[in-house]
Amino acid sequence: MTDYCVGTTYHGFILQQIKQIEEINSTVYLFQHQRLGTRALAIKNDDPNKTFCLAFQTVPEDSTGVAHILEHSVLMGSKKYPVHDVFGEINKGGLMTFLNAMTGSDTTWYPFATRNMTEYFNIMDVYCDVTLNPLLDKSTFEQEGWHYHKESMDAPLQFQGVVFNEMKGAFSDPIRAIFHHVLRGLMPESTYAHESGGDPRQIPNLSYEQFVAFHQKHYHPSNGMLFFYGDADLDRELAMVEDNFLKQFDTPVAQAVISQGRDIKEPVYIEDSYGVQPGTDLSGKTFIAVGSAVGTVLDRKRNAALQIIANILYNSDASPLKQAIIEANLCSDFGGMFLPNSCFKTFMMTYLVGCDPEKRDLFLQVYHEALTTMVQEVLEHDLILSELNKYEFSVREELNKAQRGLDLISKALPAIKHGTDPFDALQIETLFDLIRRQALEEKYFEHLIQEFLLENKATVIVTLQPDPEKISRTLKEEQQRLATYENSLDKQQLQQLVEHTQELTRRQHQPNNAQALALLPSLDRSDLDPTPPLHSSTIVTTTTPSIISNPLDTNGIVYLEVGFDCAELEPALLTRLDLFGTIATEIGTTSRDFVRLAKDINIFTGGFSHSFATHMHIDDKERLQPLLWLQMKSLSSYLNEAVDLLTDVCTHLDLSNRQRIREIVAREYAWAEHHVQSEGYSMAATRVFSHLSRAGMINEHVNGMTSYKALQQLATHYDAMEAEFLEELSQLKAFVFHSNNLKIAITAAEEDIHSFKPMAETIHAALQPDAPQKRPPVTFPQFSRTQAFCTAAEVVFNVQGCDLFSSKNAYNGHFEVLKTWLSRDYLWNTVRQVGGAYGCFVQFNHISGNFGLVSYRDPQIEKTYAAYDAIGETLSTLELPTTVLDQLIVGTYGTHTPHQGPAALGMTARNEYLSGITTDLKQQRIAEILRTGTQDLCSFAPLFNNLRDNSYRTTIGNGEKIRQHVDFFEEIHDL
């Protein structure tokens, strides 16, 4: 083992600093490459989930999205690995626990994580080669970025490209527009005034030559940073990057320069619009935001304090600012955040959702008056204490994250990028102790509010109004641009464009040859443990009720879940269940109003939330347990107080505060509407699955389009429906909070589980013994087989599903390998690369046999559904080389042996117990996965005739695209 000494050179890297950091249980090393100046940070500990990251400072000079397109494109092949779509091939088959690439406003980073040592160094080699030595073919630029697309002389001319379509989806989100306007307004003429992801209107301005030049300028080791995390040998890591990559670079280059722009001295007002459906009622649809520049990343103490202040201002129901804005009836919801590392400068942002433009000045007045009152009258002690405790809890819980390496790297990267101390960035305890004392004793938070929010003129005010014409106007501008280009071409040039499009499509369909694939390092079946350790819950039967327990190392945190039986709820009440869960965890009790409840939640817990799940049993898919779960997490030292709080909510819920309930309904609808309009794929998927099983129909009523429409009706007609709704809440309180069929699950250390046992009996005893009455069997309405829902998005989401396995015995582990082939090969190639969608994935329930396909940010409708329908025919003639099959098996094995933090591990085990899934069954599935052959995959081909001939479809998204495919749908609805 190497002994490391500061000032010594190791494989070309000079060790500059070494430090043992106890609060992250790691030894941290900071190196700088002697010749090239590349910084490398190593965080070494016994975590087997090794993490590597290579990052480059990528500084955009416009909004063509060149950095984003390049992030996609380097992963499409390199000199050492001339494989079409290296990322896709790696993703097919590996044990990676994380694999991705991300583009930020000034940095592009390439991280991955794996528990397998061989794979760790294999992918490190691949990632270094694709970033430093990419092929960057023009066809890659056209596929991932943009190109003129014309499939025949009679076909319309289109812009196509994966990033182009991805950003069309992203630009449908008004919240994203607010962020961009705030940064652009606070830092005019800066790097951050550009859209690094790419503005769809600007992406077609990027040339292939500019794309290549950007790589040559920015993807050099001198402009990069290296990160190593986990239990791999540091000497080997350094040798790997030096011997295989850095030694090929003779001289350093200058780092890319980030332009900070100019500082603003007075408030700046920005007005813009976002698209909504024609005919939309525009009242209460405006977004208003105030953003302030409050410092730089150098101000560590201030930044930590401002994060806590942001929680006080925006996240707590006890916030005086929040209360003042709600009482002024300005909006449907209010929020904000502190941005500590988006760039060198730091920002505080406050926003209103569901407002009107004429209320802007009143908002600014209320904002300043409320902050002034907070400073002059001093923040309440318990409010400060609650948010300090919540912040401290979040720091403790970070140690439980499955991707802890990625989390630590994300903290250290901005520090290295901006020239601050990365060791400081990895520590908080000493600084937090100082902040706690000064906040409670010296009015520290009040001083910061006064100086950086009240007296700060470096402020941007953004007003974003709804525009029912914007979608059609944007489309018309694009079509005019395409028409101008098409009219500039003669017949021969048009024919050449058609031939070029056809050639690009041909190349996209052409698989990699075996010789090229053999160059990629990979694992095979012999590298896999046929009997991996599998966690399952332990059932404590000495209490009433039994406890689903998961004794795990949780770093002193207790994760507690209480599940209430909802089997007797009729459809109308199911549509209110999710809203009831939200109200129940916020509204307060007979002894604690909602303000006191909010404070106590943050003082004694790390969070109090709800979720819903319909648990289906493997022995009988009609044996359902629909459960509303209340979830609470706390430090073990506060477990008694946390359980008292939870019990109080379940037994003394107070629904008398009609104004607060009205406010929660308005807020929930504002965010639900935002989600449906910009990212509605989950609604489409839930609607499809509602046709396939009773469990799917229950979920549709709780979390699907049916519940959304019910919420929309309630929020837009609240005065008329209030009395009926309050009665529904009272019924839900009576029908849900009872001890019949109560489920309690806990994930914690063994001693904390033991301490909790009598508390579980206390919870059970405090609840009423049963629901008031038994109801007749619940019947549900039926929906049309094919439906479409029109929104303001510029793309669509296409979902198709069927009951694939009529017999549970037809399913086995071989199908899991087929799922991997479908999602990581077939759909990746047909829907993403050829079709231009940002993604496409499989949803499958192995108990019910229900199967679905979901496309994400998709420019196509007909082609996507054609790809879905062709699966059976493609599968019937599928031939896979042994190496490719092994690759799929390794990838499938990885998904069945996931790397999870204790909270997720406990929840997974809870779900498996309730569904009757044993470790023996999981081991059987793994054995079936490992012995899968190609014929096993082909044997499922006839089942996909059902997907083609007897399926259900739902599309949600751009209304123009949907109406161009009216024959595909029995019903089309505007949202």
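Residue-wise test of (1) of a type in the set (Ser, Thr, Tyr); (2) free of Cβ contacts under 8 Å to residues at least 40 places away in the same chain; (3) open to solvent by less than 70 Å² (accessible area, probe 1.4 Å); (4) under 23 Å from VAL831 (Cβ atoms).
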residue: ASN487; (1), (2), (3), (4): no, yes, no, no
residue: LEU497; (1), (2), (3), (4): no, no, yes, no
residue: ARG507; (1), (2), (3), (4): no, no, no, yes
residue: LEU523; (1), (2), (3), (4): no, no, yes, no
residue: SER526; (1), (2), (3), (4): yes, yes, no, no
Among the residues of region 671-705 satisfying the criterion of being within 17 Å of GLY581 (Cα to Cα), in a helix (DSSP H, G or I) and in contact with a helix residue (DSSP H, G or I) (Cβ under 9 Å, 6 or more places away or on another chain), which is modelled with the lowest pLDDT?
-> ALA672
Do you know which of the residues in region 165-192 that are among the charged types (D, E, K, R) and part of a helix (DSSP H, G or I) is farthest from TRP146 (Cα to Cα)?
-> ARG184
Can you spot a residue in region 806-824 that is without any contact (Cβ under 8 Å) to a residue 60 or more places away in the chain and within 24 Å of the chain's Cα centre (by Cα)?
-> yes
Among residues belonging to region 162-193 that are among the acidic types (Asp, Glu) and closer than 22 Å to ALA672 by Cα, point out the one that is surrounded by the fewest Cβ atoms within 10 Å (Cβ to Cβ).
-> ASP173
Do you know which residues across region 927-950 are under 30 Å from the mean Cα position of the chain (by Cα) and open to solvent by 40 Å² or more (accessible area, probe 1.4 Å)?
-> none
Got a number for residues in region 197-246 being under 30 Å from ALA170 (Cα atoms) and not acidic (Asp, Glu)?
-> 27
Which condition number does SER139 fail, the rest of (1) over 19 Å from PHE211 (Cα atoms); (2) in a helix (DSSP H, G or I); (3) open to solvent by less than 30 Å² (accessible area, probe 1.4 Å); (4) not β-branched (Val, Ile, Thr) being met?
-> (1)
Evaluate the following for ARG953: is it buried (at least 16 other Cβ atoms within 10 Å of the Cβ), modelled with pLDDT of 95 or more, charged (D, E, K, R) and over 22 Å from ILE847 (Cβ atoms)?
-> yes
Looking only at region 416-425, and only at residues there that are open to solvent by 10 Å² or more (accessible area, probe 1.4 Å) and of a type in the set (A, V, I, L, M, F, W, C), the one that is nearest to ALA55 (Cα to Cα) = ILE416
Considering only region 510-540, state which residues are touching a strand residue (DSSP E or B) at 6+ places or on another chain (Cβ under 8 Å) and either of a type outside the set (S, T, N, Q) or assigned to a strand (DSSP E or B) (or both).
-> HIS535, THR538, ILE539, VAL540
Select from region 194-213 the residues that are open to solvent by 20 Å² or more (accessible area, probe 1.4 Å), of a type outside the set (D, E, K, R) and part of a helix (DSSP H, G or I) and write down the one among them that is farthest from PHE159 (Cα to Cα).
-> ALA213
Take the residues in region 956-975 that are under 28 Å from the mean Cα position of the chain (by Cα) and either under 18 Å from SER690 (Cα atoms) or free of Cβ contacts under 8 Å to residues at least 12 places away in the same chain (or both), then tell me which one is surrounded by the most Cβ atoms within 10 Å (Cβ to Cβ).
-> ILE956
Does region 782-803 include one or more residues that are over 30 Å from LEU574 (Cα atoms) and modelled with pLDDT under 95?
-> yes
Given the conditions (1) of a type in the set (Asp, Glu); (2) surrounded by 20 or more Cβ atoms within 10 Å (Cβ to Cβ); (3) over 29 Å from the mean Cα position of the chain (by Cα), report the number of the one that GLU561 does not fulfil.
-> (3)
Count of residues meeting criterion [part of a helix (DSSP H, G or I) and over 34 Å from the mean Cα position of the chain (by Cα)] in region 488-509 | 12
Could you grab the pairs with beta carbons closer than 6 Å, sequence gap of 6+ or different chains, first residue in region 925-954 and within 24 Å of ALA685 (Cβ to Cβ) and of a type in the set (S, T, N, Q), second one part of a helix (DSSP H, G or I) and at pLDDT 95 or above?
-> ASN945/GLY872; THR954/ALA684; THR954/ARG687; THR954/VAL688
Where ALA766 falls short, out of the listed (1) within 30 Å of SER549 (Cβ to Cβ); (2) of a type outside the set (D, E, K, R); (3) open to solvent by less than 20 Å² (accessible area, probe 1.4 Å) | (3)
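The values are calculated or read from the model by the stated rules, or taken from the named source; none is laboratory data. On a predicted model such as this, the values are computed, not experimentally measured, just so you know. Every residue, glycine among them, receives a Cβ derived from its backbone with ideal geometry; neighbour counts consider all protein chains shown. SASA here: full protein model, heavy atoms, side chains in, ligands and nucleic acids out. Shrake-Rupley method; radii C 1.70, N 1.55, O 1.52, S 1.80 Å.
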